[in-house]
Amino acid sequence: MATFRLQGSKVLAVDMTGDAVKAKNGSMVAYDGQMAFKKMSGGGEGLRGMVTRRLTGEQMELMEVKGQGTCWFADRASEINLVSLNGDKLWVEASNLLCTDAGLRTGTTFTGLRGGATGNGLFTTTIEGSGQAAIMSDGPAVVLRVTPQYPLAVDPGAYIAHQGNLQQHFQSGVTFRTFMGEGGGEAFQIRFEGDGLVYVQPSERNTVGGEV
């Protein structure tokens with residue numbers, strides 16, 4: 001299995017000994033040794049995945065990198081966060097996914113809550129199995145714990161990913177900018193209940209209510 005390690009906070013180094021990883025198209029910045037690169041259709045899910053993503057608007061273009069040596073990945077100076085999976089599942093916005101072990105399964109799942117985030121539709125990307133994944137954030141990501149006693153409400157523009165036994169609800173809400181009269185339209189929140197982790201970034205994407 002490939003070894004993931006961070007060099008600083010914005011470059012991912014992956015050591016491979018004949019292993020393979022799936023990475024965002026165009027994210028390779030350097031490599032040594034012998035590497036082969038192959039574009040993967042449908043986000044690595046084949047024809048069915050390509051059709052599903054085209055219908056849902058969930059964009060994820062991946063390439064397979066395989067070889068002997070070290071490959072370095074980065075994307076627009078984004079902060080990189082490593083997530084370890086042990087037979088569980090990670091839900092992540094496609095634009096925030098940088099790299100995964102090739103053995104991890106990627107898919108598309110209906111969430112029913114992405115309507116408040118522009119361009120994200122009602123679907124999100126899933127990663128499942130045992131191995132490592134690297135996800136990106138605009139600024140240092142914060143990992144928030146959700147317990148049955150303490151549910152969590154998150155702005156859709158700040159949401160990156162989540163894992164664990166969590167239920168999601170898409171609800172109307174009020175953000176600070178809306179409260180101050182700087183927002184436009186209705187604000188939305190994602191409410192997480194259960195037991196798990198939620199990853200958020202300190203920079204928010206645009207939503208139907210503007211920059212919230």
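Rule-based calculations on the coordinates, nothing more; no lab input. Because the structure is predicted, anything quoted here is derived from the model rather than measured. Cβ atoms come from the backbone with ideal geometry, glycine included; neighbour counts cover every protein chain shown.
Could you tell me the calculated FRET efficiency between R145 and T3, based on Cβ-Cβ distance and R0 = 22 angstrom, to the nearest 0.05?
Working: r = 27 Å, r/R0 = 1.24.
After rounding to 0.05, the efficiency reads 0.20.
How long is the gain from D15 to E61 if the chain were fully straight, where each residue apart is worth 0.36 nm and the alpha carbon distance is subtracted?
Difference between extended and current length: 14.4 nm.
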